[in-house]
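These notes are about the structure you will find just below.
The values are calculated or read from the model by the stated rules, or taken from the named source; none is laboratory data. It should be emphasised that the depicted structure is a prediction, and the values quoted were computed from it without experimental measurement. Every residue, glycine among them, receives a Cβ derived from its backbone with ideal geometry; neighbour counts consider all protein chains shown.
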Amino acid sequence: MALLVDPEERLARIDDYTAAFELAAEELRSLDPARVAELSGARLGPKSLSLDFVGQRIRVGLDQVILSGPEGAEVGLTDQVLILHYLVKADGRPITGEWIAYREIPGAQAYHPVFHKRAMAPLIAGFGKRPELLLELSGDLPAKPGQGADAAVIIQALPRVPLMLQVWSADEDFEAEAGVLLDKSVPGYLSAEDVAWLAGRVVYPLVGRAKGAKR
């Protein structure tokens, strides 16, 4: 059964994202594109930036801030906001290879319920009984094997934001568990709120694939 969302609440959310987009677009226009590219790992082109977002090449026009996917495909509003926030926040700090839990990100406590709902719970539901599917179904993404669980995969969600997804299967003594780890450098690229939404953006499509694979 589909979840019912109050139309006024849905419109309010759209208004919030539209306002967030406009603020981030205005900030991006005020920045030096070459510097943004250097700090974020994006590619600088004629009046544009391009970067890979969860395995898709995204072009960001700079005269008018317009985002488009492969072959001009439309980019969802929440994805646009995440990408712009990444570009304007990026401070160029290097990836450390040291993994941290979401709760270790500054400001994460307020958004932990959202993070659990959008990332942890779906991972458990989708892969808790068949962790091996996690590796199998991420094969077309910018991914490589992770560690520390029955199944783990590292997905390069943005040029300098990798996520490690981990799943432990249930046994006689323990229920299935999941984890989403971030590189210690992540506060230099995204806020805690943005990380929560990005984690869901990575996890949801994989869970959808897992449902199809179990039929």
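Identify, by number, the condition in (1) of a type in the set (Gly, Ala, Ser); (2) closer than 26 Å to Leu190 by Cα; (3) at pLDDT below 95 that Gly128 doesn't meet.
Of (1) of a type in the set (Gly, Ala, Ser); (2) closer than 26 Å to Leu190 by Cα; (3) at pLDDT below 95, only one is false for Gly128: (2).
Scan the range 51-74 for residues that are touching a helix residue (DSSP H, G or I) at 6+ places or on another chain (Cβ under 9 Å) and hydroxyl-bearing (Ser, Thr, Tyr) and jot them down.
Hits for the range 51-74: nothing passes.
Kindly provide the set of residues from the range 24-56 that are acidic (Asp, Glu) and under 19 Å from Val186 (Cβ atoms), ordered by number. If you could, list the steps in order and put the result at the bottom.
Looking only at the range 24-56, we keep the residues that are acidic (Asp, Glu), and these are 26-27, 32, 38, 52.
Hits for the range 24-56 are Glu38, Asp52.
Name the residues in the range 134-167 that are part of a helix (DSSP H, G or I) and either surrounded by fewer than 19 Cβ atoms within 10 Å (Cβ to Cβ) or assigned by TED's automatic domain parsing to the domain that holds Val54 (or both), would you? Break it down stepwise before answering.
Looking only at the range 134-167, we keep the residues that are part of a helix (DSSP H, G or I), and these are 134-137.
Leu135, Glu136, listed by residue number.
So which of Val60, Val54 is surrounded by 17 or more Cβ atoms within 10 Å (Cβ to Cβ), at positive phi and not assigned by TED's automatic domain parsing to the domain that holds Ala199?
Details: Val60 fails: at positive phi.
After applying the criteria, what remains is Val54.
Would you mind telling me which numbered condition in (1) surrounded by 13 or more Cβ atoms within 10 Å (Cβ to Cβ); (2) without any contact (Cβ under 8 Å) to a residue 24 or more places away in the chain Arg103 fails?
So the condition that Arg103 fails would be (1).
Any residue that is within 25 Å of Glu38 (Cα to Cα) and in contact with a helix residue (DSSP H, G or I) (Cβ under 6 Å, 6 or more places away or on another chain) - is there at least one of those in the range 141-156?
Yes, the range 141-156 has at least one match.
Kindly check whether there is at least one residue in the range 177-185 that is acidic (Asp, Glu) and either farther than 19 Å from Arg103 by Cα or not assigned by TED's automatic domain parsing to the domain that holds Gly208 (or both). Break it down into steps so the answer makes sense when it comes.
Kept after step one, since they are acidic (Asp, Glu), are these residues of the range 177-185: 177, 183.
Okay, now just the ones that are also either farther than 19 Å from Arg103 by Cα or not assigned by TED's automatic domain parsing to the domain that holds Gly208 (or both), so none.
For the range 177-185, residues acidic (Asp, Glu) and either farther than 19 Å from Arg103 by Cα or not assigned by TED's automatic domain parsing to the domain that holds Gly208 (or both): absent.
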